[in-house]
There are 2 protein chains.
Amino acid sequence: MSATHPTPSDGASLSYEQAGVNYELIDPLKVAAQRAAAATGVHLAAHGFQEVAASRGESAYVVDVGPFYLASIVECLGSKALVADEMRALTGQSYYGAIAQDTLAMAINDLITVGATPLVVQAYWAAGGSEWFADAQRAGALVDGWKRACDACGVAWGGGETPALVGIVADGRIDLAASCTGIVSPKQRLSLGERLGPGDAIVLLESSGIHANGLSLARKLVERLPQGYLTPVEPGLSYGDALLAPTLLYSPVTEALFKAGITPHYAANITGHGWRKLLRHPARHTYRIHQVPPVPPVLKFIQQHARHDDREAYSTLNMGAGFALFVAADDAERTVAVAKACGVKAWAAGHVEPGLKKLVIEPLGIEFGDDALQLR
Amino acid sequence: MSATHPTPSDGASLSYEQAGVNYELIDPLKVAAQRAAAATGVHLAAHGFQEVAASRGESAYVVDVGPFYLASIVECLGSKALVADEMRALTGQSYYGAIAQDTLAMAINDLITVGATPLVVQAYWAAGGSEWFADAQRAGALVDGWKRACDACGVAWGGGETPALVGIVADGRIDLAASCTGIVSPKQRLSLGERLGPGDAIVLLESSGIHANGLSLARKLVERLPQGYLTPVEPGLSYGDALLAPTLLYSPVTEALFKAGITPHYAANITGHGWRKLLRHPARHTYRIHQVPPVPPVLKFIQQHARHDDREAYSTLNMGAGFALFVAADDAERTVAVAKACGVKAWAAGHVEPGLKKLVIEPLGIEFGDDALQLR
């Protein structure tokens, strides 16, 4: 279960809880579901297979099916569709091509963390009524954006569901989600962290902006802005347009790394919890960052208007780093080069060292301890 | 895309369109999505794989990954959760264990039609707010029911998403969906209909009631009932309780058939469109039914109160047959016996013969022609 917990915040700043997400209410169910789910892994033995237990609690579930591993996941877009709807009303443009990419990125960028090649996606588009689908411009943008993202990642779009759920999905809205299935092949590509250790380099890949996490906060903030979503974050770029920059798709990078002979020891998709996701792996190491990527204007803007200090900003938002690869030190510069060749900026931004489990962001003087992230 | 079209109805009866689903609005997007999706199958070649083209338009998408086929799907429960919510208010009971099984059945019963063994499911539970999850009785029933259904089908519950989607999912509601991944192994189990032909027997498996299709109609009907959901459909059984009988899970039957050495030539999950789903395969054969299973009381009740003739009832509801297996004539009686050994009643109810593409339900004097079902 991947519902996740930001830490509470206080003071005059705008916290995640104020923005409407209360994880304390979700957590008991999540824990019960995780326990029940874990107890079902034994069923695979009857089919001659077994789960890869270390994938429980990671971003995708992995099963050993003999010649390779099978990985699968379901992920939803979350509330970013509400921003697209608001901006549509303000500008007349459809942003559904962009949020189609976001939705696929949520699934694909998680799936690849385990070393999987994404093969098939399924679309789940649940609208609040049949009328949703009658808007040809918006529907066309959704289909086109979904296909372009599939093309970019080399995945087959297998099909999906387009239900009209009157009374369940809110009128005029749509709940966008994607499932993704892939394989880890050869099996040596499995990157659940067994090889992660001191000396490894931490390579950060750029983000395009907020991606699809932190949107509850970003939407709440609009109430404080003089021109709402049309408030410029920099000349010629509105807050709404900046928020709707689509999430980068990182599977072209991970596939190119494989072709280049580089197998990451671990990978983290930097989504909810921001940089605390660098602490995702349960192993006890210190993660030391000596270089922070440039912060996208929209994230600087959010930090400033939400009055977050760096600690809170980096604990909530991706702050310019959308994905982290943990690779052998010798592979660090080549990893950066491979990413750049895919059109994705990258930085050999830090390394793993022996010590207490913590994340140290040296340029900002921030530390997050072992208690900063509770995902399991 | 598996949104599907009931035929229009007219007169004093209560039609599917009157019940709130307008497929004419959904169809253009569905067709555009199907075309775009079909164009992405070529991507698999770059990974050394290929799609099984015949699975486009079938209930699950199939990819040839070498040693076996990979099958995947995403499916949602639809509006049955609204019945559970209404009945909770009336009786104080939680029906979420039952609808958890329904949700998994929607995915698993579709996946097995291609000959796949379901291996992994992912849960997608999108609530209208964090508060939804705070109801421990309901949340516990959902988790327990989900796990029991996984246990019954021998699938591993890999994980999932439990987002709180304020403003997208209606307040107090939940959108339940499941993705499922399986394999067809050995590859000879693939049942996309290549071997379907005249002489084959049609074995029907019993349903438990309405399952999870036709609920819009069933809910609309409540307005006509004197005691609403508490109106008895038979002594001691309310309409609401009868509607909430969980969908039967058919994968234990298909797995037992494999162990018994029986490979169906084709299979159809009888969901939306009722018995017209027997016409699902594109091949041009006549499907002749000589025996109809007993109709569950709740479906008789709906037919009577919606004033549907047999033609309309069998074209919309499962009418007692939840799943159809097309097997070699010599395997028919053994197929029935294997299903019964799994606790599922079954009937060698008809056969395939040469002729125009149509379904003939002899005992009822009904025919559905080739134009009765347009899924592709």
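The values are calculated or read from the model by the stated rules, or taken from the named source; none is laboratory data. If you're wondering where the values come from, they're calculated on a predicted model, not measured in any experiment. All Cβ positions, glycine included, derive from the backbone under ideal geometry; neighbour counts span all protein chains shown. Please note that ligands, DNA and RNA were not included when accessible areas were found on the heavy atoms of the full protein model with its side chains. Shrake-Rupley method; radii C 1.70, N 1.55, O 1.52, S 1.80 Å.
Being β-branched (V, I, T) and within 22 Å of A:L215 (Cβ to Cβ) narrows it down to one of B:I202, B:I174, B:I210, so name that one. If you could, list the steps in order and put the result at the bottom.
Working: B:I202 fails: within 22 Å of A:L215 (Cβ to Cβ); B:I210 fails: within 22 Å of A:L215 (Cβ to Cβ).
Of B:I202, B:I174, B:I210, the one residue that is β-branched (V, I, T) and within 22 Å of A:L215 (Cβ to Cβ) is B:I174.
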* Structure fact -> Scanning the stretch B:42-80 residue by residue, the ones that are out of contact with any Phe, Trp or Tyr (no Cβ under 8 Å at 6 or more places or on another chain) and either in a helix (DSSP H, G or I) or under 30 Å from B:A218 (Cβ atoms) (or both) total 18
* Here is a list of conditions, (1) more than 7 Å from chain A (Cβ to nearest Cβ); (2) part of a strand (DSSP E or B); (3) polar (S, T, N, Q), and B:Q122 meets all of them except one; can you say which number that is? -> (1)
* Somewhere in the stretch A:278-300, is a residue within 22 Å of A:Y23 (Cβ to Cβ), of a type in the set (G, A, S) and over 20 Å from the mean Cα position of the chain (by Cα)? -> no
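Among the listed residues A:L237, A:L249, which satisfies the condition of being open to solvent by less than 40 Å² (accessible area, probe 1.4 Å) and either on the phi < 0 side of the Ramachandran plot or among the acidic types (D, E) (or both)?
On the way: A:L237 fails: open to solvent by less than 40 Å² (accessible area, probe 1.4 Å).
Only one candidate passes the filter, namely A:L249.
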* List the number of the failed condition for B:Q101; all other conditions in (1) within 8 Å of chain A (Cβ to nearest Cβ); (2) open to solvent by 20 Å² or more (accessible area, probe 1.4 Å); (3) touching a residue at least 24 places away in the same chain (Cβ under 8 Å) hold. => (1)
* May I ask you to say which residue of B:A46, B:A71, B:A3 is at pLDDT below 85 and at the interface with chain A (Cβ under 10 Å from one of its Cβ atoms)? => B:A3
* Asked: Do the conditions hold for A:A81, that is, is it over 27 Å from B:A53 (Cα atoms), facing chain B (nearest Cβ under 9 Å), crowded, with 24+ Cβ neighbours inside 10 Å and at pLDDT 95 or above?
  -> yes
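Mind listing whichever residues of the stretch B:22-58 are small (G, A, S) and open to solvent by 20 Å² or more (accessible area, probe 1.4 Å)?
B:A32, B:A38, B:A39, B:A45, B:A46, B:G48, B:A53, B:A54, B:G57, listed by residue number.
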* For residues that are touching a Ser or Thr at 6+ places or on another chain (Cβ under 7 Å) and of a type in the set (K, R), scanning just the stretch A:180-233, find the one that is least open to solvent (accessible area, probe 1.4 Å). => A:R189
* Structure fact -> Only one of (1) at pLDDT below 95; (2) surrounded by fewer than 24 Cβ atoms within 10 Å (Cβ to Cβ) does not apply to A:F133, and that is (2)
* **Breaking point among (1) crowded, with 23+ Cβ neighbours inside 10 Å; (2) at pLDDT below 95, for B:A267** => (2)
* To do: Given the conditions (1) open to solvent by less than 30 Å² (accessible area, probe 1.4 Å); (2) in contact (Cβ under 8 Å) with a residue 24 or more places away in the chain, report the number of the one that B:G369 does not fulfil.
  => (2)
* Structure fact -> Note: among A:A201, A:A178, A:A164, A:A170, just one is within 14 Å of chain B (Cβ to nearest Cβ), touching a helix residue (DSSP H, G or I) at 6+ places or on another chain (Cβ under 6 Å) and more than 17 Å from B:A178 (Cβ to Cβ), namely A:A164
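I want to confirm something. Restricting to the stretch B:109-119 and keeping residues that are in contact with a strand residue (DSSP E or B) (Cβ under 6 Å, 6 or more places away or on another chain) and either more than 7 Å from chain A (Cβ to nearest Cβ) or assigned to a helix (DSSP H, G or I) (or both), which single residue is surrounded by the most Cβ atoms within 10 Å (Cβ to Cβ)?
It comes out as B:L111.
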* Within the stretch B:125-135, track down each residue that is more than 7 Å from chain A (Cβ to nearest Cβ) and part of a helix (DSSP H, G or I). => B:W132
* Could you list, in sequence order, all residues of the stretch A:137-154 that are in contact with a Pro (Cβ under 9 Å, 6 or more places away or on another chain) and more than 7 Å from chain B (Cβ to nearest Cβ)? => A:G145, A:A149, A:A152, A:C153
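Out of A:R288, A:R311, report the one residue that is modelled with pLDDT of 95 or more, more than 25 Å from A:V222 (Cβ to Cβ) and either open to solvent by 10 Å² or more (accessible area, probe 1.4 Å) or part of a helix (DSSP H, G or I) (or both).
A:R288
For the stretch A:136-159, give me each residue that is closer than 23 Å to B:G128 by Cβ and open to solvent by less than 10 Å² (accessible area, probe 1.4 Å).
A:L142 - this is the single residue of the stretch A:136-159 that is closer than 23 Å to B:G128 by Cβ and open to solvent by less than 10 Å² (accessible area, probe 1.4 Å).
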